[in-house]
């Protein structure tokens, strides 16, 4: 029995979209996939419908590198609106409580210290987290608000950047994987003795991908266009791994890794980058200008983890 040929073109690479408001990340992936007539595509980090900014789209072999992109640092800018709590913790939700308190700039800066570093965070009830096999947002929409437990989060920086008026404050946040900006805004407002939600949210960076690389969704043409978008718009697969230290290999060593063989770190002395952690760190194995794959340094060996 013959296997059905996949629909679309076999493309490999990354496209960085400047996501417009009002669409889910999945909406954007589907539109991009149609525009390129691509066989396989996925995104590197969800953005809420209200949010705009950097949404990396992976094609083909690039989908193998998505977890490493999502592990990278993310940079956000958001506006916090004081005085109301919303069920979604952003402007798309319904008002569930109000407050007359508007904190001073000094109070905000004082409370910000509690939200930096390793923190515990309760995700928004309108999130994709699963509770007993159900999505939290599905339960919340049906009026069965889930009880979500606090989970670890890493916030590298959290700064007040502007205060246009007493009702609004603007922030810039650099964070690790899985940190909810809506929760940060909600919890900061509470810590300041008020209530609040995110009014606007923009992502400026995901791992190695920045706002400067992002193109508007409209640049890909209209949904009814018959000619597919040009592959020249795609960045190489290896672009996603730019933050990972590079390790030069010989062709023989590269072939060994491809066959699943580990290489002694002793044989690589003098080539191991200083920024690579020898105790479980990742390295980007290179043969000339070609990315062989991702390897982990552990127990005195270079072990293949993801061959591209």
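Quick note: the coordinates plus some simple rules give every number you see, no bench work behind them. This structure is a prediction, so every number in the text was calculated from the model and none was measured. All Cβ positions, even for glycine, are placed from backbone atoms using ideal geometry, and neighbour counts span all protein chains on display.
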Which percentage, to the nearest 5, of the DSSP beta bridges contained in region 74-206 is antiparallel? 95
What do you get for Rg/Rh over region 157-239 if you use C-alpha atoms and the Kirkwood form of Rh? 1.12
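Using per-residue counts of other Cβ atoms within 10 Å, averaged over each peptide, order 69-76, 19-26 from highest down.
Descending mean neighbour count gives 69-76, 19-26.
State, as an integer percentage, the relative contact order of region 244-307 based on alpha-carbon contacts under 8 Å between residues 6 or more apart.
Reported relative contact order: 39 percent.
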Highest-MSF residue in the chain out of 218, 92, 106 [GNM, Cα springs under 10 Å]: 106
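Would you mind computing Rg(Cα) / (2.2 N^0.38 Å) for region 244-307, counting N as its residues? Don't jump to the answer; show the numbers that get you there.
On the way: Rg = 10.0 Å, N = 64, 2.2 N^0.38 = 10.7 Å.
Rg over 2.2 N^0.38 Å, computed on Cα atoms: 0.94.
Return the Rg/Rh value of region 198-252, two decimal places, where both radii are evaluated on C-alpha atoms and Rh is the Kirkwood radius.
Result for region 198-252 is an Rg/Rh of 1.12.
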Just 85, 140, 51 to compare: in a GNM of the chain, with alpha carbon springs under 10 Å, which one fluctuates most? 140
Quick one: compute a quarter of the convex hull surface over the Cα atoms of the chain and quote it in nm². 20.7
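For Cα pairs less than 8 Å apart in space and 6+ apart in sequence, what is the mean separation divided by the residue count of the chain, i.e. the relative contact order in percent?
Once normalised by length, the contact order is 21 percent.
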Over all directions, region 61-188 yields a Cα convex hull whose mean projected area in nm² is 9.2
For n ≥ 4 DSSP H runs only, could you compute -39500 (n - 2.57) per run for the chain, divide by its residues and tell me the 222 nm figure to the nearest 500? -4500 deg cm²/dmol
Where does each of 57, 307 land when they are ranked from fewest to most other beta-carbon atoms within 10 angstrom? 307, 57
Length-normalised contact order of region 74-206, Cα under 8 Å, at least 6 apart, in percent, tallies to 43
